[in-house]
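Input: a single structure, listed below in structure tokens.
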Amino acid sequence: MPAPRPLLLPLLLVATLGGCSMGGGTKSTPTAYEAFDSSNTYSRSFDHSPAQACEAARRALLSQGFVVGRAEADVVEARKYFQQEESHEQVEFRAVCMPQTRGDQQTLVFVNAVQDRYALRKSNTSASVGVSALGSLSLPIGSSDDSLVKVASATLQDPNFYKRFFSVLERFLPEDIERPAKPSAATQAQPTLFPVLPYPQPVPAELPAEQAALPDPPAAEPSPSPL
């Protein structure tokens, strides 16, 4: 049996390596990890008005040790600080109260919490001091300062975290529910295509005194019918 030619071995090796590289290629990593699912992790509907819901959100954050920096009728922003060993963490909470467009509830509350992590880092600084007695001799003096540097930032996605917040919010909702009065059909203004300008109403003219004193003319007598 004849031996294989030496040129066939490099060709077979190249084909084998090419097939392996095509089958085991690296997968592309996604740049965004948002799934956009239909869960209600970050939102909840309430029967109260937007002002009442945001006031309850402000009280709920204050009861948990948050520092409220902005509190309006439709937006509440608060912040809380944590310290774990050598890392410093900060949570920024934001609640937005908007009118509901569908359903029986009248307010939809959207919440979002961002957690920032800081680490203590040392920065070295140097300076030089000139000594007049030794001429132009300068001695370097080094010092280190400690400062907090942000090392990570992420949105909290734990459903239990937001579930506990909404449970506390419900405790601060008032018993009296504010509902806007529905306008009646009589008070609703009908839209007009063209504006109608107001014109003064005509006033009947007064007759002269002579014409007013004349008696009415007698009625015409009927003509006799022929026999």
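The values are calculated or read from the model by the stated rules, or taken from the named source; none is laboratory data. It should be emphasised that the depicted structure is a prediction, and the values quoted were computed from it without experimental measurement. We place every Cβ from the backbone using ideal geometry, glycine too, and count neighbours over all the protein chains shown. With ligands, DNA and RNA removed, areas are computed over all heavy atoms of the protein, side chains included. Shrake-Rupley method; radii C 1.70, N 1.55, O 1.52, S 1.80 Å.
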Q | Inter-residue pairs, beta-carbon under 6 Å, first touching a residue at least 40 places away in the same chain (Cβ under 8 Å) and in the range 49-71, second surrounded by 19 or more Cβ atoms within 10 Å (Cβ to Cβ) and assigned to a helix (DSSP H, G or I), 6+ apart | A | 56/169; 57/169; 60/169
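Filter the range 53-71 for residues that are assigned to a loop (DSSP other than H, G, I, E, B) and surrounded by 12 or more Cβ atoms within 10 Å (Cβ to Cβ); which is farthest from the chain's Cα centre (by Cα)? Walk me through how you get there before you give the answer.
Taking the range 53-71 and keeping what is assigned to a loop (DSSP other than H, G, I, E, B), we get 64-66.
So of that shortlist, the ones also surrounded by 12 or more Cβ atoms within 10 Å (Cβ to Cβ) come out as 64, 66.
Details: 64: 23, 66: 20 Å.
Looking at the filtered set, the residue picked out is 64.
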Q: State whether one or more residues within the range 131-148 are at pLDDT below 80, open to solvent by 60 Å² or more (accessible area, probe 1.4 Å) and within 21 Å of residue 170 (Cα to Cα).
A: no
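Can you confirm whether residue 98 is modelled with pLDDT under 55, over 30 Å from residue 121 (Cα atoms) and of a type in the set (A, V, I, L, M)? Step through it out loud before you land on a result.
Numbers: modelled with pLDDT under 55: no; over 30 Å from residue 121 (Cα atoms): yes; of a type in the set (A, V, I, L, M): yes.
For residue 98, the condition - modelled with pLDDT under 55, over 30 Å from residue 121 (Cα atoms) and of a type in the set (A, V, I, L, M) - is not met.
Any idea which residue in the range 37-48 is farthest from residue 117 (Cα to Cα), counting only those that are in contact (Cβ under 8 Å) with a residue 40 or more places away in the chain and among the small types (Gly, Ala, Ser)? If you could, list the steps in order and put the result at the bottom.
Of the residues in the range 37-48, the ones in contact (Cβ under 8 Å) with a residue 40 or more places away in the chain are 39, 41-48.
Narrowing the set further to residues that are among the small types (Gly, Ala, Ser) leaves 39, 43, 45.
Numbers: 39: 27, 43: 25, 45: 32 Å.
The residue in question is 45.
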Q. Can you pull out the residues in the range 72-84 that are open to solvent by 80 Å² or more (accessible area, probe 1.4 Å) and basic (Lys, Arg)?
A. 79
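Among the candidates 173, 169, 156, single out the residue that is open to solvent by less than 60 Å² (accessible area, probe 1.4 Å), modelled with pLDDT of 90 or more, under 30 Å from residue 99 (Cβ atoms) and touching a strand residue (DSSP E or B) at 6+ places or on another chain (Cβ under 6 Å). Walk me through how you get there before you give the answer.
Details: 173 fails: touching a strand residue (DSSP E or B) at 6+ places or on another chain (Cβ under 6 Å); 169 fails: touching a strand residue (DSSP E or B) at 6+ places or on another chain (Cβ under 6 Å).
Checking each option against the conditions leaves just 156.
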